[in-house]
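J.: Sending over a structure as structure tokens; questions will come in a sec.
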Amino acid sequence: MNLSPCAIPLCPEENYDSKATMTPQERQYLLALPSSPGDSGRQDLEEFAAWFDITLIKATREFLQQLPNLGAPYLAFIACLTAIDILSGYRYETGDLRQLFVRFIKEYFPANYSPHAEVLYECRKTVIHEFSPGPRAILVHRSPDIHLTDFQGRVILCADALTSDTAAGARAYFEHVRSDPGLLSAFRTRASGTAGGTMVQLFRISFHPDLPPLVVKHLP
């Protein structure tokens, strides 16, 4: 039996459940396509927030739960530090990468992160470019009680705690943008600029045997 795809736009408020029960004739996937800016900055923000939540937050949490001892914690650190990098670029219009990263942590993360913001940036550089936490951090998993504590001059970073706090920081930032027209305008300018990539729209792809084929095209 040939299965034909049907693409359904994913609403920002829709919850994506990767464990949803499906029949053998039905398979659901998420498809990300480049999208032109919407009719309003608010629309762009909500689409971006949904994309961010599914790909960087929920996926990271599921990964940590399913593969706790197979490298998932390290990949969670990469995801979290990348997320901070991304959001800080949308939030601030001036400053170098280090300044933006540190400012975002001090503004949107819990206060106990502020003394370690510079270390987190150094960790971000070595984690991404050298696949190592570097000389100033120790990465752990399932040990939130020692998160952000010191061990022989190094900061202990717990994957679970950092993921939760990154999610909270992202929510705080998105709420800030929703309530501030100036930030919303800056977000839209950044989102529609060629230097910062392109907006992404999510589609849920369902394969059903009784539906005609559907070609998913680049959205106008």
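The numbers here are math on the coordinates, done by the rules we state, and not lab data. If you're wondering where the values come from, they're calculated on a predicted model, not measured in any experiment. Here the Cβ positions follow ideal geometry from the backbone for every residue, glycine too, while neighbour counts run over all protein chains shown.
J.: Quote the charge dipole size of the range 94-180 about the Cα centre in Debye, to the nearest 20; the model charges only the Cβ of Lys and Arg (+1) and of Asp and Glu (-1).
T.: Details: 10 positive and 11 negative charges, 22 e Å.
About 100 debye.
J.: Could you give the length gained on full extension between D150 and Q99, defined as 0.36 nm per residue of separation minus the Cα-Cα distance, in nm?
T.: Numbers: separation 51, 0.36 × 51 = 18.36 nm, distance 2.35 nm.
Roughly 16.0 nm would be gained on extension.
J.: I need the semi-axes of the equivalent ellipsoid of the range 39-193: take the C-alpha gyration tensor, multiply each eigenvalue by 5, square-root it, list largest first in whole angstrom.
T.: Details: eigenvalues 147, 60, 34 Å².
Semi-axes (√(5λ), whole Å): 27, 17, 13.
J.: Could you size up the charge dipole of the range 39-193 around its Cα centre, putting +1 on the beta carbon of Lys and Arg and -1 on that of Asp and Glu, and report it in debye to the nearest 20?
T.: About 180 debye.
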